[in-house]
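Novice: The structure's right below; bear with me while I get my questions together.
The values are calculated or read from the model by the stated rules, or taken from the named source; none is laboratory data. Quantities reported herein were computed from a predicted structural model and do not represent experimental measurements. All Cβ positions, glycine included, derive from the backbone under ideal geometry; neighbour counts span all protein chains shown.
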Amino acid sequence: MLMSSNSVGWLIFLVTALVIPCRESGATDQPSGTSALASGIIVNPQATYSFLGNGYLGRALGLDRNSALQLGGFLIPEFDWLVSGGVEPDSAYGSLALGLHAKVDLQKALGIPGATLGVEFLESTGGDNNQAAGTVQLYTNMDGAEPRNRQEMMQLWWHQRLFDDKLLVQVGKMNGTGIFNTVLNPVIVDTPWMRNFTISNLIMTPVGENPTLFGRLPAYYDTAYGAVVHLAPTPDFYASFGIFDGNGAAGVQTGMEWLPTFNEYLFNIAEVGYSWRLGAEGKPGRMGLGGWWQTGDLYTPALTTEDGAEGYYLFANQRLWFKNPGIDSAGLIGYLQFGHTGSRTAMVNTYLGGGLTAIGMIPGRHDDTLSLGLAYSELNDTPGAGVFFFPDVPSPSADLGESELMLQAAYQTNFVFGTPANYWTLSSVLAYSYIPDPGQRPDLPAAHVLSWRLIALF
């Protein structure tokens, strides 16, 4: 929401003023030589498998760390200032997201081997941050489609492990971008210092969701009901298939739906992946290849219909350098992304992205990160596509731009509060986004955006 009419931005400053000084009086940084993942702390909210948080809420309520029931959540305020350019230059916006989740180990609770039940509720509020900047690719992943003020059950799923974890099945309401086409998932290794616990801490949407899949693959905050089968016969190879409620492609806000809806609109996706270790230090890397197809009649900007849609994607990440081999995770990680669809109903037809993340470059700040990334998209060139996808953006032209390039840099600082047995974490992210030619209209001036995000995981 626009800051002139809302106090969310002031909340960010207030929380920061109250919490950050606590580091000197009661908070503890992680010990030297200990990665965030090794100590059980998730510092990248986008790279988590099912939920954000670390179970602090349950422990604060008296639940044991090994209890069948785990409770946690997140609080994420964000302030964005569009310094210049775009649709509404010199405008400021605030966003706030609160998530609460519960996870039940059904083997401990009911004796069902390998079974887990999860549920997550979301309360969020915000403004048209991305639309003000004129970006198609979305410089912040906190801003999505209307309604921007919402309360929803974001996830509700049953997860079943079978055959010594070689076969995994998940059914229910899910965030598909945490499972498919995500470059952010690290390679699973046993050695703590080798883990790529944070591949990128950029706040732009493309690093977590390929723009060719906007409105198709269920994502925050428009999750959807579906089923996923994941086959991992070896530690280095996997094959996954998912089918979801595909009404998001028809404009339905599936995240707001409490019950499943399955009709002619279905979203199908398949992916295979492989991981490896390079060099004497065993630098971990990972790649994936996937394809998807959407069913149902879809409207194009020319107001004709298209019988479904399909596309494919590639991604990879690689540890490039260890600063302190055998000691901690400091060093450099890189990633690449690609996606393509020939659909005339997609805003983005071809996407190419990549980035680098430097970890622990400042002495004493072993888990702080500097992330750099770019996202380039070729946009739908159908006449009238601009007014079709963005009817509220004024312009002499009704078309989208030919393409959009987005560059972003983000520095994330991580803090730990409490004791090793009972802690919560706070991360502060400062980001700068530069969009030379915002794609919502061909005539928009270059956009410069400064963002400040706090991430409290509990």
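Novice: Return yes or no: is Y93 surrounded by 21 or more Cβ atoms within 10 Å (Cβ to Cβ) and not in a loop (DSSP other than H, G, I, E, B)?
Specialist: Answer is yes for this residue.
Novice: Any idea which residue in the stretch 130-182 is farthest from the chain's Cα centre (by Cα), counting only those that are within 24 Å of G291 (Cβ to Cβ) and of a type in the set (D, E, K, R)?
Specialist: Taking the candidates together, the pick is K166.
Novice: Moving on. Does any residue of the stretch 318-332 turn out to be part of a strand (DSSP E or B), under 21 Å from Q412 (Cβ atoms), under 17 Å from the mean Cα position of the chain (by Cα) and not hydrophobic (A, V, I, L, M, F, W, C)?
Specialist: No, the stretch 318-332 contains no residue that is part of a strand (DSSP E or B), under 21 Å from Q412 (Cβ atoms), under 17 Å from the mean Cα position of the chain (by Cα) and not hydrophobic (A, V, I, L, M, F, W, C).
Novice: Within the stretch 388-400, which residues are in contact (Cβ under 8 Å) with a residue 60 or more places away in the chain and crowded, with 16+ Cβ neighbours inside 10 Å?
Specialist: F388, F389, F390, V393, L400
Novice: Another question about this same structure. Taking D443 as the residue in question, decide whether it is surrounded by fewer than 17 Cβ atoms within 10 Å (Cβ to Cβ), of a type outside the set (S, T, N, Q) and over 23 Å from A145 (Cβ atoms).
Specialist: So D443 fits the description; yes.
Novice: So how many residues does the stretch 239-259 have that are in a strand (DSSP E or B), aliphatic (A, V, I, L, M) and touching a Pro at 6+ places or on another chain (Cβ under 9 Å)?
Specialist: So the answer is 1.
Novice: Right, here's the next one. Can you pull out every residue in the stretch 261-271 that is surrounded by fewer than 15 Cβ atoms within 10 Å (Cβ to Cβ) and either of a type in the set (S, T, Y) or touching a Phe, Trp or Tyr at 6+ places or on another chain (Cβ under 7 Å) (or both)?
Specialist: T261
Novice: I'm trying to understand the selection: among the residues of the stretch 82-111, which are hydrophobic (A, V, I, L, M, F, W, C), under 18 Å from L156 (Cα atoms) and more than 18 Å from the chain's Cα centre (by Cα)?
Specialist: A102, V104, L106, A109
Novice: Can you work out which of the residues in the stretch 352-371 that are free of Cβ contacts under 8 Å to residues at least 60 places away in the same chain and among the aliphatic types (A, V, I, L, M) is nearest to E306 (Cα to Cα)?
Specialist: Looking at residues that are free of Cβ contacts under 8 Å to residues at least 60 places away in the same chain and among the aliphatic types (A, V, I, L, M), I get L352.
Novice: Hey, does the stretch 197-207 have a residue that's of a type outside the set (S, T, Y), surrounded by fewer than 24 Cβ atoms within 10 Å (Cβ to Cβ), within 23 Å of T357 (Cβ to Cβ) and out of contact with any His (no Cβ under 9 Å at 6 or more places or on another chain)?
Specialist: yes
Novice: If you don't mind, there's one more thing I want to ask. Return yes when S397 is touching an Asp or Glu at 6+ places or on another chain (Cβ under 9 Å) and farther than 26 Å from E271 by Cβ and no when it is not.
Specialist: yes
Novice: Next question, about the same structure. Restricting attention to the stretch 281-293, does a residue exist that is in contact with a strand residue (DSSP E or B) (Cβ under 6 Å, 6 or more places away or on another chain), closer than 29 Å to D381 by Cα and free of Cβ contacts under 8 Å to residues at least 24 places away in the same chain?
Specialist: Within the stretch 281-293, one or more residues are in contact with a strand residue (DSSP E or B) (Cβ under 6 Å, 6 or more places away or on another chain), closer than 29 Å to D381 by Cα and free of Cβ contacts under 8 Å to residues at least 24 places away in the same chain.
Matching residues to (1) at pLDDT below 95; (2) of a type in the set (D, E, K, R); (3) surrounded by fewer than 17 Cβ atoms within 10 Å (Cβ to Cβ):
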{"residue": "L52", "(1), (2), (3)": "yes, no, no"}
{"residue": "Y56", "(1), (2), (3)": "yes, no, no"}
{"residue": "R59", "(1), (2), (3)": "yes, yes, no"}
{"residue": "L63", "(1), (2), (3)": "yes, no, yes"}
{"residue": "Q70", "(1), (2), (3)": "yes, no, no"}
{"residue": "P77", "(1), (2), (3)": "no, no, no"}
{"residue": "D80", "(1), (2), (3)": "no, yes, no"}
{"residue": "G85", "(1), (2), (3)": "no, no, no"}
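Novice: Could you run through the stretch 278-297 and say how many residues are at pLDDT 95 or above, of a type outside the set (G, A, S) and surrounded by 19 or more Cβ atoms within 10 Å (Cβ to Cβ)?
Specialist: Final tally of qualifying residues: 2.
Novice: Inside the stretch 232-262, can you point out the residues that are more than 23 Å from G308 (Cα to Cα) and not aliphatic (A, V, I, L, M)?
Specialist: The answer is P233, T234, P235, D236, F237, Y238, W258.
Novice: Conditions first: (1) surrounded by fewer than 21 Cβ atoms within 10 Å (Cβ to Cβ); (2) touching a strand residue (DSSP E or B) at 6+ places or on another chain (Cβ under 7 Å); (3) of a type in the set (D, E, K, R). E257 passes all but one, so which condition is the exception?
Specialist: (2)
Novice: Now for a separate question. Give the residue, chosen from G99, G172, that is buried (at least 23 other Cβ atoms within 10 Å of the Cβ) and assigned to a strand (DSSP E or B).
Specialist: Exactly one residue qualifies, and that residue is G99.
Novice: Which is more than 30 Å from G331 (Cβ to Cβ), touching a His at 6+ places or on another chain (Cβ under 7 Å) and touching a residue at least 40 places away in the same chain (Cβ under 8 Å), of G296, G311, G246?
Specialist: G311
Novice: Further question on the same structure: Please specify each residue of the stretch 314-359 satisfying the condition of being farther than 13 Å from E281 by Cα and of a type in the set (K, R).
Specialist: Matches in the stretch 314-359: R344 only.
Novice: Now for a different question. Which one of L352, L314, L303 is closer than 30 Å to F388 by Cα and more than 24 Å from the chain's Cα centre (by Cα)?
Specialist: The match here is L303.
Novice: Limited to the stretch 336-370, what total is found for residues that are in contact with a helix residue (DSSP H, G or I) (Cβ under 8 Å, 6 or more places away or on another chain) and within 24 Å of W193 (Cα to Cα)?
Specialist: Number satisfying all stated conditions: 1.
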